[in-house]
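In what follows, a structure is listed as structure tokens, so that the remarks can point back to it.
The values are calculated or read from the model by the stated rules, or taken from the named source; none is laboratory data. Small disclaimer: the values here were computed from a predicted structure and weren't measured. Here the Cβ positions follow ideal geometry from the backbone for every residue, glycine too, while neighbour counts run over all protein chains shown.
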Amino acid sequence: MKPASESGEIWHYIHGYDERYRISNFGRIHSCERFVEDKNGVVRRIPDRILKPRISRKRDHNIRLCEDCEQTIFVIGRLVWEHFVSIDVPVMVGHKDGNPGNNHVDNLYRRGEGV
């Protein structure tokens, strides 16, 4: 199932997660419905939903993605940059409006290049 999209919202699958997660150019993360086996061998259903970000001590919005019972934390702004701007080299991403919760692709810039 696809999440309800706002006008102009574009979705891409997150690299390395085999169609488990998608990211939008608005900075929203979508967990696709699937069935997974946990560490105890129990198969459970993961529902289709938009994930709620966590806020780090630095005020960045983070998301935890899981694969094979292993969790990895990503900064959402950097994921948006990698999927909609450039994947060439790792970069530090800044927010033009100073709001780390606004991860819309148009609000991001590469730190060190100015606003």
Between residues in the range 20-46 that are loosely packed, with under 11 Cβ neighbours inside 10 Å and residues that are at pLDDT below 95 and acidic (Asp, Glu), which pairs lie under 7 Å by C-beta distance while being six or more apart or on different chains? 43/37; 44/38
Out of the range 31-42, which residues are at pLDDT below 95 and assigned to a strand (DSSP E or B)? 34, 35, 36, 37
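Do we have residue 27 as closer than 23 Å to residue 87 by Cβ and either modelled with pLDDT of 95 or more or assigned to a loop (DSSP other than H, G, I, E, B) (or both) here? Walk me through it before giving the result.
Values: closer than 23 Å to residue 87 by Cβ: yes; either modelled with pLDDT of 95 or more or assigned to a loop (DSSP other than H, G, I, E, B) (or both): yes.
In short, yes.
Rundown of residues vs (1) within 30 Å of residue 40 (Cα to Cα); (2) in contact (Cβ under 8 Å) with a residue 12 or more places away in the chain, yes/no style:
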residue: 59; (1), (2): no, yes
residue: 63; (1), (2): yes, yes
residue: 72; (1), (2): yes, no
residue: 81; (1), (2): no, yes
residue: 91; (1), (2): no, yes
residue: 98; (1), (2): no, no
What strands (runs of 3 or more DSSP E) lie completely within the range 58-115 and have 1 or more residues being of a type in the set (D, E, K, R)? 61-67, 70-75, 108-110
